[in-house]
Amino acid sequence: MPHANTTAIENPRTPTVRFAPSPNGLLHVGHARSAVLNWRFARECDGAFLVRIEDIDLTRARPEYERAIFEDLGWLGLEWPTPVRRQSDHFADYREALSELRKLGLLYPAFMSRSEMQDRVRMAETPDRPWPRDPDGAPHYPGDDRSLASAERDRRIASGAPHGWRLDMKAALNGLGMTLSWTEHGAGSNGETGVIAADPAAWGDVLLARRDIPASYHLAVTVDDAIQQITDIVRGQDLFAATSVHRLLQQLLGLPVPRYRHHSLILDANGRKLSKSDGATSIASLRKQGHTPADVIAMAGMTTEA
């Protein structure tokens, strides 16, 4: 992994994209849109289309869902090189990135459980003073653990107190000495395109390693994209705001900067994005109902190529 604090530059390599689902449920039409858009982009650019399995959450990942992902993508007519990268095989890469950030003094152990955090926010929040929330609506992590003395942190860790690791956002931004941005070739949630100013502070002290896993989504996806030399990230607009966090991590770790292409989402009847947890109709179900790949691609809002 590159040394921390090297200058990040926009990635000049041969176009390479990735489709990176989590094996915690069956793929739906929204996944089909993202996968096919990535695959078509790679083909049009004479580039590479990769599949990555994002399974850092070992409590939810299931081998049968991974098999179903490959079956669905193959049925849609997509091809990709094997073996694929599985995050669960590369925890050492994430530990190395965490080590780099700890050396820079940018991480602190976070001891609050989710319920403790919710109680803390509930006690402090008033109608006149709402607690700050990130772009996804989740409350910022309280600063209690950030202000703990080093001796107290060490004591708690030595005693076996469960903890994750969070980025000290203020310290990270103070040490940058520059304004972060990225190049958006798609469109943000409000139609933004071109050079986009990043706002990682909107996320507060983001979690970079969970109590039971040496990574979080933000850290793992950033490290994976660099290792796999991803040049163009084609993904849904629901991740547009998260790009600010990824740009910050790229800069801190000296990683290349991909180009970004956020695409529109497929919404359900209630105007919400399709979700596995909400029971969105799966590609496998549509296949069993007799639908063709062309039907599913059309449902995903794309024309079928000749």
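Of note:
- Considered as a group, the residues in segment 137-153 that are of a type outside the set (A, V, I, L, M, F, W, C) and surrounded by fewer than 16 Cβ atoms within 10 Å (Cβ to Cβ) include one that is nearest to residue 205 (Cα to Cα), and that residue is 143.
- The single condition from (1) within 22 Å of residue 100 (Cα to Cα); (2) outside any strand (DSSP E or B); (3) charged (D, E, K, R) that residue 166 fails is (2).
- Some residue of segment 158-178 being modelled with pLDDT of 95 or more, within 18 Å of residue 249 (Cβ to Cβ), touching a helix residue (DSSP H, G or I) at 6+ places or on another chain (Cβ under 9 Å) and among the aromatic types (Phe, Trp, Tyr): yes
- Residues that are small (Gly, Ala, Ser) and touching a helix residue (DSSP H, G or I) at 6+ places or on another chain (Cβ under 9 Å) were ranked within segment 30-67; the one that is nearest to residue 302 (Cα to Cα) is 32.
- Selection count where residues are closer than 30 Å to residue 237 by Cβ and either under 27 Å from the mean Cα position of the chain (by Cα) or small (Gly, Ala, Ser) (or both), scope segment 112-129: 4
- The set of residues in segment 191-215 that are assigned to a loop (DSSP other than H, G, I, E, B), touching a strand residue (DSSP E or B) at 6+ places or on another chain (Cβ under 7 Å) and either over 21 Å from residue 238 (Cβ atoms) or in contact (Cβ under 8 Å) with a residue 24 or more places away in the chain (or both) comprises 192, 198, 205, 206, 210, 211, 215.
- Residue check, residue 182 modelled with pLDDT of 95 or more, touching a strand residue (DSSP E or B) at 6+ places or on another chain (Cβ under 8 Å), over 21 Å from residue 240 (Cα atoms) and surrounded by 16 or more Cβ atoms within 10 Å (Cβ to Cβ): no
- Matching entry among 96, 66, 100, 152 (being at pLDDT 95 or above and under 30 Å from residue 31 (Cα atoms)): 66
The values are calculated or read from the model by the stated rules, or taken from the named source; none is laboratory data. Values in this document were obtained by computation on a predicted structure and should not be read as measured data. FYI the Cβ positions are ideal-geometry reconstructions off the backbone, even for glycines, and counts take in every protein chain you see.
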